[in-house]
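**Student:** Pasting a structure below so you can have a look.
The values are calculated or read from the model by the stated rules, or taken from the named source; none is laboratory data. Since the model is a prediction, treat every value here as computed from it, not as a measurement. Cβ placement follows ideal geometry from the backbone for every residue including glycine, while neighbour counts extend to all protein chains displayed. These area figures cover heavy atoms from the full protein model, side chains too; ligands, DNA and RNA do not enter into them. Shrake-Rupley method; radii C 1.70, N 1.55, O 1.52, S 1.80 Å.
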Amino acid sequence: MSLMKLVHHGAHEGVTGSCHQLWIDDSQSLLVDCGTFQGEDARKKPNPEIEFSLRGIQALLLTHVHIDHAGRIPYLLAAGFDHPILCSAPTAKLLPLVMEDALKIGFTRSKRLIKKFLGQIRKLLVPLPYHQWHDCPGGVKVRLLPAGHVLGSTMFEIELKDGRRAVFSGDVGAGTNPLLNPPVSPERADLLVLESTYGDRLHPPKADRQAELEAVIRRTLDDSGVTIVPAFSLGRTQALLYELNAIFERIQETEHRTLMKRVDVIVDSPLATRFTALYKEMKSHWGEEAQVTLETDDQPLVFENLTTVGSHSEHKETVRYLAKHNLPAVVIAGSGMCTGGRVVNYLKAFIGQEETDIVFAGYQAGGTPGNYISRGSDWVRLDGRRYDVRAKTHQLTGYSAHGDQEDLIALVEGMTDAPKEIRLVHGDYAAKRALTQKLTEKGYHLI
């Protein structure tokens, strides 16, 4: 029997739809995240509406703004939720932009309704600084710790009235993204709710990931192909831009010439462009390595051969132009799992060409087109039509925003006092089983 009452409304048996309800007492509870189901999880739970009672929920604790943790917030508000949304300061800045996009895609195209929802969300947001205890509705205290997953990502420590402490890890980063502060282990936990996305694997070293991406870029330069990077608008795109800036500088130093006219880097995502602008506004929240870079380069997310694509007509013209002129290009476009968005049109145009490289720099949920392509399938279905895959595919797990098995174990072992109970969430069966075995061998109690 667990020390605390915890009910899962998503991401317990699957990887997406994170939503967890922690009971403070018999009548009061807190909700941690309220995310969208994706891939196979969405097929099992196609209805995004809130099906659980909101009675007694005192606040929503939002670990970060990725859609699988925040995407059901509009449905939560539509169900009548009007309590505080506690989060970090960067999350409070980023969330309205994420919600605006989510509302347009899955909720309503009405500008009036979208404006109303965004106004409501802004009223509920309570941005909190890291590393300090704060009073939380329900008579409990919360403290935010850096999770290192995306700008503003947070672990929540929750201290109940009787002194018991629950910790929700949210998504834990690998500690290799220079734009982010690394994860910080909490002091103690009676209950640790820990993500397990990559609980069964190890990432390659950071140097290896840079070398692999650079090799793809050099191949693109040599064969005048197109490299397609399906990337999430927030987090992954900015990390890749930072990395590409350094790679291009290295290539130019070794070849002793500019790359300005040799390759275009195209960010085809208005949302990613807006997120990048917000990232630049929040440089004070960047990680230590990026802070050092800022001393010599005040714009590490911008470089001379970078182009951003805005309107849909401009997007269609860019696809046609690349198809017609056979020029080397690196295209970063959403969505990250190829389930929709502008990246699909690039895939349709170039996935059948051997000169094309498709670079996956993040997790591909089962059942998504990105999962089929990254697994090496001979064909993939896009917008209902079958396309043969002749492009070379690359899985750069070193760029994952999620920590691997060693990172997750290090987070637990870094705690001053060992957690009394651990519950794994946000992972498929194999990942949870492997991480359970490792943690059990080390003497931890998993429930």
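**Student:** Take the residues of the stretch 235-245 that are over 23 Å from Ser311 (Cβ atoms) and modelled with pLDDT of 85 or more: which is nearest to the chain's Cα centre (by Cα)?
**Tutor:** Of everything passing the filter in the stretch 235-245, Ala239 is nearest to the chain's Cα centre (by Cα).
**Student:** Considering Val319, Val263, which residue is under 30 Å from Arg381 (Cβ atoms), in contact (Cβ under 8 Å) with a residue 12 or more places away in the chain and crowded, with 16+ Cβ neighbours inside 10 Å?
**Tutor:** Exactly one of Val319, Val263 is under 30 Å from Arg381 (Cβ atoms), in contact (Cβ under 8 Å) with a residue 12 or more places away in the chain and crowded, with 16+ Cβ neighbours inside 10 Å, namely Val319.
**Student:** Taking the stretch 186-208, which residues are buried (at least 19 other Cβ atoms within 10 Å of the Cβ), in contact with a helix residue (DSSP H, G or I) (Cβ under 8 Å, 6 or more places away or on another chain) and over 26 Å from Asn245 (Cβ atoms)?
**Tutor:** Leu192, Leu194, Glu195, Ser196, Thr197, Tyr198, Gly199, Asp200
**Student:** Another question, if that's okay. Any residue in the stretch 396-420 that's among the small types (Gly, Ala, Ser) and surrounded by fewer than 21 Cβ atoms within 10 Å (Cβ to Cβ): show its pairings with residues that are modelled with pLDDT under 95 and not in a loop (DSSP other than H, G, I, E, B) at Cβ separation under 7 Å, as long as the two are six or more apart or on different chains.
**Tutor:** Gly398/Lys206; Gly398/Asp208; Gly398/Arg209
**Student:** Considering the stretch 421-441 alone, what residues qualify as being of a type in the set (Gly, Ala, Ser), assigned to a helix (DSSP H, G or I) and open to solvent by less than 10 Å² (accessible area, probe 1.4 Å)?
**Tutor:** Ala431 - this is the single residue of the stretch 421-441 that is of a type in the set (Gly, Ala, Ser), assigned to a helix (DSSP H, G or I) and open to solvent by less than 10 Å² (accessible area, probe 1.4 Å).
**Student:** So which of Phe248, Phe232 ends up being touching a residue at least 24 places away in the same chain (Cβ under 8 Å), under 30 Å from Glu13 (Cα atoms) and aromatic (Phe, Trp, Tyr)?
**Tutor:** Phe232
**Student:** Here is a follow-up. Just one of the numbered conditions (1) within 16 Å of Cys136 (Cα to Cα); (2) without any contact (Cβ under 8 Å) to a residue 60 or more places away in the chain is not true of Val7; which one?
**Tutor:** For Val7, the exception is condition (1).
**Student:** Going through the stretch 17-51 one residue at a time, which ones are open to solvent by 30 Å² or more (accessible area, probe 1.4 Å), of a type in the set (S, T, N, Q) and more than 17 Å from the chain's Cα centre (by Cα)?
**Tutor:** Ser27, Gln28, Asn47
**Student:** Looking at the stretch 141-168, I want the residues that are under 18 Å from Leu194 (Cβ atoms) and have a partner that is assigned to a loop (DSSP other than H, G, I, E, B) and of a type in the set (S, T, N, Q) with Cβ atoms under 6 Å, at least 6 apart or on another chain. Which pairs are those?
**Tutor:** Note: pairs meeting the criteria are Pro146/Asn181; Ala147/Ser153; Thr154/Thr63; Met155/Ser169.
**Student:** Does Leu113 satisfy being without any contact (Cβ under 8 Å) to a residue 60 or more places away in the chain and open to solvent by less than 20 Å² (accessible area, probe 1.4 Å)?
**Tutor:** no
**Student:** Just to verify a result, which residue in the stretch 332-385, among those that are of a type in the set (S, T, N, Q) and over 21 Å from Leu213 (Cα atoms), is least open to solvent (accessible area, probe 1.4 Å)?
**Tutor:** For the stretch 332-385, the residue satisfying everything is Thr368.
**Student:** Looking only at residues in the stretch 266-296 that are without any contact (Cβ under 8 Å) to a residue 24 or more places away in the chain and not in a helix (DSSP H, G or I), which one is farthest from Pro96 (Cα to Cα)?
**Tutor:** Among residues in the stretch 266-296 that are without any contact (Cβ under 8 Å) to a residue 24 or more places away in the chain and not in a helix (DSSP H, G or I), the one farthest from Pro96 (Cα to Cα) is Thr296.
**Student:** Same structure again: Considering the stretch 121-177 alone, what residues qualify as being over 21 Å from the mean Cα position of the chain (by Cα) and among the aliphatic types (A, V, I, L, M)?
**Tutor:** Leu124, Val126, Val140, Val142, Ile158, Leu160, Ala166
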